[in-house]
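Visitor: Questions regarding the structure given below will be posed in turn.
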Amino acid sequence: AQKVTQAQTEISVVEKEDVTLDCVYETRDTTYYLFWYKQPPSGELVFLIRRNSFDEQNEISGRYSWNFQKSTSSFNFTITASQVVDSAVYFCALHRPRGAQKLVFGQGTRLTINP
Amino acid sequence: DVKVTQSSRYLVKRTGEKVFLECVQDMDHENMFWYRQDPGLGLRLIYFSYDVKMKEKGDIPEGYSVSREKKERFSLILESASTNQTSMYLCASSETGGESYEQYFGPGTRLTVT
């Protein structure tokens with residue numbers, strides 16, 4: 001069975017601190033995709049990144065970076081120099097292609113950036 | 001930009017009522033999804049549709065049904081609302097194909113059943 005675990009329910013940091021959100025997944029598939037979504041207070045989930053299982057290169061996009069490690073089944077997300085606008089709930093999700101187009105979501109991590 | 005809209009942001013219904021939640025997307029996506037979001041549980045898939053009039057059950061379909069008569073519209077129906085269906089409901093759409101495409105979400109409908 002597929003499963004995504006985000007063990008950190010809530011994180012609170014002061015602005016400009018770096019923060020890492022953990023994501024651990026379980027799957028028996030050799031081909032799969034991992035996603036991160038951001039849900040700001042407005043409620044609409046916003047797509048941040050997609051990574052396939054064959055690409056273990058780390059990705060950086062501005063202040064955001066992602067560390068994908070198949071050996072530990074983890075896909076962690078780091079925000080550098082956090083800002084108040086980063087406050088949101090963040091979800092990690094797992095998808096298996098070739099089959100139903102279903103995403104399995106983690107429980108989400110509520111990130112609060114304090115000024 | 002892809003736009004997914006949901007008919008209501010907030011809805012209050014009584015136990016036993018039939019409830020319709022509507023979702024419309026404007027990007028000609030084949031796939032559409034209904035999720036519910038509850039604290040500590042993340043998003044759970046209720047139903048999804050991969051084409052007009054086609055649907056498949058998700059992880060928690062009990063107490064729900066869906067309808068997709070037109071490609072752009074996907075409706076979630078609570079046949080007889082119960083208090084344990086109080087939740088945030090999110091609709092999403094995506095392309096289909098060999099790869100996995102990101103899903104685009106609507107703003108959500110917060111449903112309260114009293």
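Visitor: In sequence order, what are the phi-derived ³J(HN,Hα) couplings for segment B:5-17 according to the Karplus relation 6.51 cos²θ - 1.76 cosθ + 1.60 with θ = phi - 60°, rounded to whole Hz, with x for glycine and proline?
Guide: Using θ = phi - 60°, the values come out as 10, 10, 5, 9, 8, 9, 8, 10, 10, 9, 3, x, 6 Hz.
Visitor: Accessible area, 1.4 Å probe, largest first: how do A:Asp86, B:Asp26 sort?
Guide: I get B:Asp26, A:Asp86, largest accessible area first.
Visitor: Provide the solvent-accessible area of B:Phe48, counting protein heavy atoms only and rolling a 1.4 Å probe, rounded to the nearest 10 Å².
Guide: The accessible area of B:Phe48 comes to roughly 0 Å².
Visitor: Given charges of +1 on the Cβ of Lys and Arg and -1 on the Cβ of Asp and Glu, with all other atoms neutral, how large is the dipole of the protein assembly as shown about its Cα centre, in debye to the nearest 20?
Guide: Computed about the Cα centre, the dipole is about 600 debye.
Visitor: When only DSSP loop residues count, what chymotrypsin sites (Phe, Trp or Tyr not before Pro) in segment A:25-55 have their Cβ near at most 12 other Cβ atoms within 10 Å?
Guide: Filter output for segment A:25-55: A:Phe54.
Visitor: Further, regarding this structure: Ranked highest first by average number of other Cβ atoms within 10 Å, how do B:52-64, B:83-95 line up?
Guide: Final packing ranking: B:83-95, B:52-64.
Visitor: Sort A:Ser53, A:Ser65 by heavy-atom solvent-accessible area, probe 1.4 angstrom, most to least.
Guide: In descending accessible area the options line up as A:Ser65, A:Ser53.
Visitor: So, one more: Quick check: with the 1.4 Å probe, what order do B:Leu41, B:Leu78 take by accessible area, largest first?
Guide: I get B:Leu41, B:Leu78, largest accessible area first.
The values are calculated or read from the model by the stated rules, or taken from the named source; none is laboratory data. From a predicted model like this one, the values you see are computed outputs, not experimental measurements. Note that each Cβ is placed from the backbone with ideal geometry, even for glycine, and that neighbours are counted across all protein chains shown. Calculation scope for accessible area: heavy atoms of the full protein, side chains included, ligands and nucleic acids excluded. Shrake-Rupley method; radii C 1.70, N 1.55, O 1.52, S 1.80 Å.
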